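Q: Below is the structure I would like to discuss, written out as structure tokens.
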Amino acid sequence: MFREKLKREIEIIKSNGLYRFLREKRDNILDFSSNDYLCLSKHPEVIEAVKEGLKYGVGSTGSRLTSGNINHQRLEEKIAEFKETERALVYSSGYATNVGVISALCKKGDLILSDKLNHASIIDGCRLSKADVLIYNHCDVEHLANLIEENWKKYNNLFIITDGVFSMDGDVAPLRDLKKIADEFNAILIIDDAHGTGVLGDGKGTLKHFNLKPSDNIIQIGTLSKAIGGLGGFVCGIDEVVEYLINTSRSFIYSTALPPHVVEGCIKAFEIIERGDVVKELQKNIKIANGIFKKNGFIKENNLTPIYPFIFKEKTMLIAEHLIKNNIFCVGIRYPTVPKGLERIRVSINVSHKKEDFELLCEKIKDIYQNHLNQTTNNPYPLYSRLFSQ
């Protein structure tokens, strides 16, 4: 009975065009899908650090509160120094960090104000918390301020939660304005800087990009699996936040600690970022991509980040499949990850890409659109527009 029920559910998913499957990544493919923005996952120094870390063994063998606390505090000290905060705490993943931090800190009688386009891990953390949740329109500071003005007196604590860089659109949260609102209403600002760390603010993240200093009412969350090139997540802020999370955050307490050789690789990755060269190289590539993508009509405005959504709506998955046949890997993103009508190819660039790669991508998409989708107009592909009101 259970097997048949699952089969029916899977068929419904397929009939709705929402079926997902795992695809093996080929070595000879031009990859515009990876979040390894600085290509540190394959950096020789990082690999050597990982090899050296194997002296501790392959796994950590337990949670941080039992047998798993090996070299992890060295990484936390490096992150705290890098983010200019009092302290940091490492989790097993970025997802586990958001879920664990939000569900531990936000309680019954509190109010969370969450950006409409926040990552799924933030949404799940809000759901697991006992706090009430209100959603403000994407990056709409006025809407956020109105919601707080109408509700703040009813609650014990206020939490404003936002991505620093939004993973599906590549735009940057208005942190300067969000910080002003947080200060005015004595709220806590939680920033998930998964896609900002290593990218903006000389690599230090979105807060540094706006020249904002860490303060008692700011909590920064990040991942070690994107620009850092490793695995895991982290939270950083004041000492008391970390101390509290060690004692209350379930996804920290009850998870096996990161493998120590991964920890060593992440420490080395932060050291490389601090040198500055690799971040400058990424920013140089973003400028080159901006020019080519704008010239070909795929974007209107220059990007600050390496994430480019090319919105093709219902044609998205067909274009993605044709690109793979041409040895170009770009993931098609559809509902529920993005709203219906805003399906897109998510183009993610990194320091290894060359000008010719960006030109080839544009050329292949135009060829697919005109020769495989039977489009004959001179400019069939859409200009990129942020249709967040829909």
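Values quoted throughout were computed directly from the atomic coordinates according to the rules given, and no laboratory measurement underlies them. These numbers were taken from a predicted model, which means no experiment stands behind them. As a convention, Cβ positions derive from the backbone with ideal geometry for all residues, glycine included, and neighbour counts pool all protein chains shown.
Q: Ordered by residue, what ³J(HN,Hα) values in Hz, to whole numbers, does segment 3-17 give under the Karplus form 6.51 cos²θ - 1.76 cosθ + 1.60, where θ = phi - 60° and Gly and Pro are x?
A: Ordered by residue, 3J(HN,Hα) equals 4, 5, 4, 5, 4, 5, 5, 5, 5, 5, 4, 5, 5, 8, x Hz.
Q: Using all Cα-Cα distances in segment 221-284, what percent lands in each 5 angstrom bin from 0 up to the longest?
A: 4, 14, 20, 22, 19, 11, 6, 4, 0
Q: When DSSP beta bridges are limited to those with both residues in segment 44-275, what percentage is antiparallel, rounded to the nearest 5?
A: Of all bridge pairs located within segment 44-275, approximately 40 percent are antiparallel.
Q: Further, regarding this structure: Can you flag which of 107/340; 5/325; 108/213; 130/154; 180/340 are past 25 Å Cα-Cα?
A: Numbers: 107/340 32 Å; 5/325 34 Å; 108/213 30 Å; 130/154 15 Å; 180/340 33 Å.
Exceeds cut-off: 107/340; 5/325; 108/213; 180/340.
Q: What whole number of Å gives the distance from the Cα centroid of segment 112-147 to the Cα centroid of segment 4-30?
A: First find each Cα centre; the distance between them is then 30 Å.
Q: Going by how many other beta carbons lie within 10 Å of each one, how would you line up 358, 270, fewest first?
A: Ordered by Cβ neighbours within 10 Å, fewest first: 270, 358.
Q: List the residues of segment 306-343 whose backbone N lies under 18 Å from a point placed 7 Å from the Cα of residue 24 along the Cα-to-Cβ direction.
A: Flagged as within label range: 324-329.
Q: Related question: Grab the beta carbon distance between residue 7 and residue 184, set R0 = 45 Å, and tell me the FRET efficiency rounded to 0.05. Don't skip to the answer; put the middle values down first.
A: On the way: r = 54 Å, r/R0 = 1.20.
It comes out at approximately 0.25.
Q: Compute the relative contact order of segment 277-371 as a whole-number percentage, counting only Cα pairs closer than 8 Å that sit 6 or more residues apart in sequence.
A: 33 percent
Q: Want the number for residue 300 to residue 246: 0.36 nm per residue separation, take away the alpha-carbon distance, what's left?
A: 14.9 nm
Q: Would you mind classifying segment 1-41 by shape? Square roots of the alpha carbon gyration tensor eigenvalues, ordered a ≥ b ≥ c; an a/c under 1.5 is rounded, otherwise it is prolate if a/b is larger than b/c and oblate if not. Could the numbers behind the result be given before it?
A: Numbers: a/c = 3.42, a/b = 3.12, b/c = 1.10.
Prolate shape, in that a/c is at least 1.5 and a/b is the bigger ratio.
Q: Now for a different question. For the ranges 94-103, 156-165, what's the packing order if you count other beta-carbon atoms within 10 Å of each residue, average per peptide, and put the highest first?
A: Order by mean packing, descending: 94-103, 156-165.
Q: Evaluate the Kirkwood expression for the hydrodynamic radius of segment 44-275, namely the inverse of the mean inverse distance over all pairs of different C-alpha atoms, and round to one decimal in Å.
A: 17.7 Å
Q: Same structure again: If you average 1/r across every pair of different Cα atoms in segment 277-371 and take the reciprocal, what Kirkwood value do you get, in Å?
A: So the Kirkwood estimate lands at 13.7 Å.
Q: What number, in percent, do you get for the relative contact order of segment 44-275 if the mean sequence gap of Cα pairs under 8 Å and at least 6 apart is divided by its residue count? Could you put the intermediate results ahead of the total?
A: Working: 490 pairs, mean separation 74.7, N = 232.
Computed value for segment 44-275: 32 percent relative contact order.
Q: Considering only Cα-Cα distances, which of the following residue pairs are longer than 30 Å: 78/280; 315/355; 226/315; 179/354?
A: Listed pairs above 30 Å: 179/354.
Q: How much mean residue ellipticity at 222 nm does the chain get from its helices, if each DSSP H run of length 4 or more adds -39500 (n - 2.57) and you divide by all residues, to the nearest 500 deg cm²/dmol? Show your work: numbers first, answer last.
A: On the way: 14 runs with 158 residues, N = 390.
One gets -12500 deg cm²/dmol as the mean residue ellipticity at 222 nm.
Q: Which order results if 193, 110, 367 are arranged by neighbouring Cβ count within 10 Å, fewest first?
A: Ordered by Cβ neighbours within 10 Å, fewest first: 367, 110, 193.
Q: A further question follows. Mean separation of Cα pairs under 8 Å and 6+ residues apart, divided by the residue count of the chain: what relative contact order is that in percent?
A: 23 percent
Q: Points 7 angstrom from Cα along the Cβ direction at residue 355 and residue 107: gap in nanometres?
A: Here the answer is 5.9 nm between the modelled labels.
Q: To the nearest 0.05, how large is the calculated FRET efficiency for residue 176 and residue 127 if R₀ is 45 Å and r is the Cβ-Cβ distance?
A: 0.95
Q: Placing +1 on the Cβ of each Lys and Arg and -1 on the Cβ of each Asp and Glu in the chain, which of 341, 60, 283 has its Cα farthest towards the positive end of the resulting dipole?
A: 341
Q: Taking the Cβ-Cβ separation of residue 280 and residue 61 as r and a Förster radius of 41 Å, what is the calculated FRET efficiency to the nearest 0.05?
A: 0.55
Q: Using the Cα atoms as the points, what is the convex hull volume per residue of segment 96-180 in Å³?
A: Cα convex hull per residue, to the nearest whole number: 84 Å³.
Q: Looking at the chain only, what percent of DSSP beta bridges run antiparallel? Nearest 5 please.
A: Numbers: 19 of 39 bridges.
In the chain, approximately 50 percent of DSSP beta bridges are antiparallel ones.
Q: Next up: When the Cα centres of segment 162-232 and segment 317-366 are compared, how far apart do they sit, in Å?
A: About 26 Å separates the Cα centre of segment 162-232 from the one of segment 317-366.
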